[in-house]
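Let me begin by presenting the structure, written as C-alpha cells, before commenting on it.
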Amino acid sequence: MANTAQARKRARQAEATRQRNASLKSALRTAVKKVKKAITAGDKAAATTEMRESQAVIDRIADKKIVHKNLASRTKSRLAQAIKAMP
C-alpha cells in the first residue's frame, strides 16, 4: 500500500479515474447495444435515430481517450453499414 501522502493521493485519484472511465465505457457499450437492438427489430427509422445519438456518445468518449479513435471509428462504421444493409 502507499506509504507517502503523495502516493496515497495518487491512489485515490487513480481509483476515481478508473471508476469514471469504467462508467464511460459502459455508456459506450449501452449506446451500441441500443443501435443493435433497433437493427434487429427491423426498424430503420429508429435505428437511424439511435445511431445519430450514439455517434455523439462514441465520439465524446474517443475524444477523452477512454477508447482509441480507431475503435470508435470502426464501431460507427460497422453500425452504419448494418443500418444501410437494412431493407
Reachable lysines from residue 37, criterion Cα separation under 30 angstrom, eight or more residues apart if same chain | 25, 64, 65, 69, 76, 84
Near residue 85, within a Cβ-to-Cβ distance under 12 Å, what is the net charge of the other residues, with Lys and Arg +1 and Asp and Glu -1?
-> +3
Gap in Å between the Cα centre of the stretch 1-44 and the Cα centre of the stretch 67-87?
-> 20 Å
At least 18 Å along the helix axis (C-alpha) and Kyte average at least -0.5, DSSP helices within the chain | 44-63
Computed [θ] at 222 nm, helices only, for the chain once each DSSP H run of length n ≥ 4 contributes -39500 (n - 2.57) = -29500 deg cm²/dmol
Total charge dipole magnitude, the chain, about the Cα centre, Cβ charges on Lys, Arg, Asp, Glu only, Debye to nearest 20 | 340 debye
Taking Rh as the Kirkwood radius computed over alpha-carbon pairs of the stretch 24-84 and applying Stokes-Einstein at 4 °C with viscosity 1.567 mPa s, one gets a diffusion coefficient in µm² s⁻¹ of 115 µm²/s
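FYI, it's all coordinate maths here, none of it is from the lab. Given the structure is predicted, the values throughout are model-derived calculations rather than measurements. Note that each Cβ is placed from the backbone with ideal geometry, even for glycine, and that neighbours are counted across all protein chains shown.
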